[in-house]
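See structure below.
The values are calculated or read from the model by the stated rules, or taken from the named source; none is laboratory data. Remember, predicted model here, so these are calculated numbers, not experimental data. Neighbour counts are summed over all protein chains in view; Cβ atoms, including those assigned to glycine, are modelled from backbone coordinates with ideal geometry. Please note that ligands, DNA and RNA were not included when accessible areas were found on the heavy atoms of the full protein model with its side chains. Shrake-Rupley method; radii C 1.70, N 1.55, O 1.52, S 1.80 Å.
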Amino acid sequence: MLRTIFPFLYASIVLILLWQAFRVMSRGFALEKGSPAGGRNAKGDRTGRLTIHPELLDQEGRITDEELLTVRFSEENESPHSEEKPTE
């Protein structure tokens, strides 16, 4: 019984996944052409607009002048830059 059901189950799952893949790709192609997809319009486009993270603002809504902690991740082939001078 399992030998007769398995091919139909497998084929139906493959067809469902293909249908979903084409649906997602068609949305991407529609966005590439400039047409709105999924009910979105050009008003929602934030390209070129300045966005400030809320944690950079003080209580009055101005950009804070406090020093900020930053982290830089280096690549494996870069040598670590230490501010300490090596002791000889």
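State all residues of the stretch 40-57 that are open to solvent by less than 100 Å² (accessible area, probe 1.4 Å) and either more than 28 Å from residue 27 (Cβ to Cβ) or at pLDDT below 80 (or both); if no residue qualifies, say none.
41, 42, 44, 45, 48, 52, 54, 56, 57
Quick check, is residue 37 in a helix (DSSP H, G or I), at pLDDT below 80 and open to solvent by less than 80 Å² (accessible area, probe 1.4 Å)?
Taking the combined requirement at face value, the residue does not satisfy it.
Specify the residue that is modelled with the lowest pLDDT; the eligible residues are those in the stretch 1-25 that are of a type in the set (Ser, Thr, Tyr) and open to solvent by less than 100 Å² (accessible area, probe 1.4 Å).
Taking the candidates together, the pick is 4.
Return the residues of the stretch 58-75 that are open to solvent by less than 100 Å² (accessible area, probe 1.4 Å) and hydroxyl-bearing (Ser, Thr, Tyr); say none if nothing qualifies.
64, 74
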